[in-house]
Amino acid sequence: MKLAELFNNRKTVFSFEVFPPKRDNPIETIYNTLDALQDLKPDFISVTYGASGSLADNSTCEIASAIKHRYGIESAAHLTCVNSTKEEVTQVLKKLHDNGVENILALRGDLVPDVEPKEDFKHASELITFIRESENDFGISGACYPEGHLDSRDQIEDILNLKKKVDAGAQHLISQLFFDNNLFYDFLDKARIAGINVPIEAGIMPVVNKKQIERMVSLCGASLPAKFTKMMSRYETRPEAMRDAGIAYAVNQIVDLVSQGVDGVHLYTMNNPYIAKRISESVKSLF
Ligand code: FAD
C-alpha cells in the first residue's frame, strides 16, 4: 500500500521510525526491536538511510522488506541522493522493488564533511522526479521543516522549495522534530497557503538524555522552549526522571497535535521499544 492511502480514511496516522544497526552490530539487533514494536501496531514504520549514500553500507532495504513481509506492517525506505549517482540510485530502486518495498522517503541527505557531493542530484525534488520517472511505481514521501531547513535563508524560501518537492511528486511529508507545537501549526498554515495540500505528519522525538537532544538540535536547528530546557536542566543527573519527563513531554505534544486534527504523528523511536511502548500506550485511544 502507498503511504498516502493511509490518510484517506480520516483516522490520524501513527507511524514509527527506526534506524539500521551500526556497522559493528549484527542485523538481528533490529529484529529484537521490531519484535517489540510490532505489538504497538503502528500504521507504518520507516527505516533511515546511511548518510554516506553507499549501497554497500545500507541494510535499509532488507529491514524495510522485513517490516512489510515478516511483520505485516507497511514500510518506507529512506533514500538519500546527494552522495549518489543516477546509476547507484537506479540500483537501489531495483533492489527495493525486487524486495517488495513500495514506499520511499526521498531525501537530499546531508553533505558529508570531506566528501565531494556527486553531481547528479542537488535537491530531493530531483530525486523525486527521478523515482517518479523510473520504471517502478513507488509511493513517494518527502521531509519538511517546521522551523525551516538550516540551509534556507528563511522559512518562506524553504516552504516555496517544499512546494517544488510536492509538485515533483511527493505525496506525503514527514516533519523534522520540534518541541513547540505552535511552530508546527504556524508552519502548517503557511504550507497550506502555499498550496501544499498533501498529508503532513508531525515528527516527535522523545528526549531520553540531555546530550542526545543537544546533539540533535545542533544538527537540525530545532529550537528548545524554556519549559523544555528547564526540564532538562532539572533532571539531567537523574536518568530515570529525565526519561519519564521526556516521555510525558512527548505524550503532551501528541495529545495536543491529535486534538488539533493533524494528519499524523511520526515517532522517532531511536530503536527504543520501551519508550515507544510507554508513549503508544498513553495515546493509543486518541488515534
Ligand atoms: P531538500 O528538500 O533538497 O532541501 C535542502 C535545502 O535545499 C533546503 O534548504 C531547501 O529549502 C533547499 N531546496 C530544496 N529544493 C530546492 C530547489 N529546487 N532549489 C533551491 N533550493 C532548494 N538524512 C539521512 O542521511 N538519512 C535519513 O534516513 C534521513 N531521514 C530523514 C527523515 C526526516 C523526516 C527528516 C526531516 C530528515 C531526514 N534526514 C535524513 C536528514 C536530511 O537528509 C537533511 O535534513 C538534508 O539536509 C535535507 O534533506 P531534504 O530531503 O529535506 O533536502
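Stretching Glu88 away from Lys227 to a fully extended chain increases their span by 45.5 nm, per 0.36 nm per residue minus the current alpha-carbon distance.
Highest mean first, how do 13-22, 71-80 rank when packing is the count of other Cβ atoms within 10 Å averaged over residues?
Numbers: 13-22: 20.6, 71-80: 22.3.
My ranking of the peptides, most packed first, is 71-80, 13-22.
For the pair Asp24 and Thr237, label points projected 7 Å from Cα toward Cβ lie 3.1 nm apart.
Once backbone amide H atoms are built at 1.01 Å from N, Leu105 has Ala77, His78, Leu79, Ser141 as its partners under 5 Å, excluding neighbours fewer than 5 places away on the same chain. Kirkwood hydrodynamic radius computed over the chain comes to 19.3 Å, based on all pairs of distinct alpha carbons.
In order along the range 255-271, phi translates into HN-Hα couplings of 4, 5, 4, 5, 4, 7, x, 5, 5, x, 10, 10, 8, 6, 6, 6, 6 Hz, rounded to whole numbers, per the Karplus curve 6.51 cos²θ - 1.76 cosθ + 1.60 with θ = phi - 60° and x for Gly and Pro.
State the percent of C-alpha pairs, over all pairs in the range 186-228, separated by a distance greater than 17 angstrom.
48 percent
Report D for the range 226-286 in µm² per second (integer): Stokes-Einstein, Kirkwood Rh on Cα pairs, 10 °C, 1.306 mPa s.
127 µm²/s
Working note: Cα gyration tensor of the range 1-89, eigenvalues times five, square-rooted, sorted largest first, giving semi-axes of 24, 18, 9 Å.
Ranking Thr12, Thr237, Thr129 by solvent-accessible area of protein heavy atoms (1.4 Å probe, all protein chains present), from largest to smallest, gives Thr237, Thr129, Thr12. Counting Lys and Arg as +1 and Asp and Glu as -1 over every other residue whose Cβ lies under 11 Å from the Cβ of Val47, the net charge comes to -1. Ranked from largest to smallest solvent-accessible area, with a 1.4 Å probe on the protein heavy atoms, Val265, Val217 come out as Val217, Val265.
Measuring r between the beta carbons of Lys122 and Lys190 and using R0 = 30 Å, the FRET efficiency lands at 0.80. Pairs with C-alpha atoms separated by more than 21 Å, drawn from the list Lys41/Lys284; Lys22/Lys211; Lys122/Lys165; Lys95/Lys165; Lys190/Lys230, are Lys95/Lys165; Lys190/Lys230. Computed with a 1.4 Å probe over protein heavy atoms only, the accessible area of His123 comes to about 100 Å².
The values are calculated or read from the model by the stated rules, or taken from the named source; none is laboratory data. Every value quoted in this text rests on a predicted model; they were computed, and no experiment measured them. Neighbour counts are summed over all protein chains in view; Cβ atoms, including those assigned to glycine, are modelled from backbone coordinates with ideal geometry. The protein model used for the area step is the full one, side chains on, heavy atoms only, and it has no ligands, DNA or RNA in it. Shrake-Rupley method; radii C 1.70, N 1.55, O 1.52, S 1.80 Å.
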